[in-house]
Amino acid sequence: LGYAKQLLERAAARSIQPGFCYPSDSLEMEMFEEEFPFVETEDQKSAILALKDDMCSEKSMDRLICGDVGYGKTEVAMRAAFKAVSDGKKQVAVLVPTTVLAIQHYENFLARMSNFPIRIAVISRFCSMKESKEILQRVILGEIDILIGTHRLISKDVKFHDLGLLIIDEEQRFGVRAKEHLKAMKCGVDCLTLSATPIPRTLYMSLIGIKEVSVISTPPQDRLPIQ
């Protein structure tokens, strides 16, 4: 009961505290969307419209994007990240559970946003102490727009110049300590959670309306089954 009460209190605090209200789509946002090399599924379109409505309202976004592997959750997250940086001049943190996934996301974000002046960096245990220090200094100064990382991202020495959006990939892979730190980070910041298998608590919060949910249940055209 005590934990349920805490969850409700935090959700209430997020709904009361106004978030950043983004303007409608800029020309850069429209150009970015036109560069998507595939045709969006109806579920993807619906999820993107929903998160844009969230971001353009004064309430802090807290949305779960639920969909199987390969169904296009990352593209939805990239749209939100691009809007935060391009339209809101905010920074984005992308939290992932493994170093391999961090590098994969970094490469995908770089490739997808290569035609736009967006500065992206990755931080993980593969970074040397010197590299990490340089990256974190640039983050504090606002010289990095999107920072992708593993648990290293939620260390005490990681501070943002103006964080506007937190994207959590596969939330169920993070432990209690990480989640406690995330709760502090999420205050007044838009949050987007991506998951193929949401943990029962997150799913329940979505079902009772504390957290908004978008389900991507249709596979993209020509998607191959997972081996």
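The values are calculated or read from the model by the stated rules, or taken from the named source; none is laboratory data. Worth saying up front: this structure is predicted, and the values here are computed from it rather than measured. Backbone-built Cβ (ideal geometry, glycine too); neighbour counts: all protein chains shown. The accessibility values were calculated without ligands, DNA or RNA, using every heavy atom of the protein model including side chains. Shrake-Rupley method; radii C 1.70, N 1.55, O 1.52, S 1.80 Å.
Data for the structure
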read-out: Single residue of 86, 57 found to be at pLDDT 95 or above, under 22 Å from residue 27 (Cα atoms) and polar (S, T, N, Q); value: 86
read-out: Any chance residue 107 is within 27 Å of residue 217 (Cα to Cα), free of Cβ contacts under 8 Å to residues at least 12 places away in the same chain and not in a strand (DSSP E or B); value: yes
read-out: Which listed residue is open to solvent by 30 Å² or more (accessible area, probe 1.4 Å), aliphatic (A, V, I, L, M) and closer than 22 Å to residue 154 by Cβ, from 49, 64, 101, 95; value: 101
read-out: Hits in segment 139-188 (condition: of a type in the set (A, V, I, L, M, F, W, C), open to solvent by less than 20 Å² (accessible area, probe 1.4 Å), under 26 Å from residue 212 (Cα atoms) and modelled with pLDDT of 90 or more); value: 146, 147, 148, 165, 166, 167, 168
read-out: Single match in 65, 118 (criterion: closer than 20 Å to residue 190 by Cα and part of a loop (DSSP other than H, G, I, E, B)); value: 118
read-out: Flag for residue 122 being among the hydrophobic types (A, V, I, L, M, F, W, C), on the phi < 0 side of the Ramachandran plot and surrounded by 16 or more Cβ atoms within 10 Å (Cβ to Cβ); value: yes
read-out: In segment 17-42, the residues that are modelled with pLDDT of 95 or more and charged (D, E, K, R); value: 25, 28, 30, 33, 34, 35
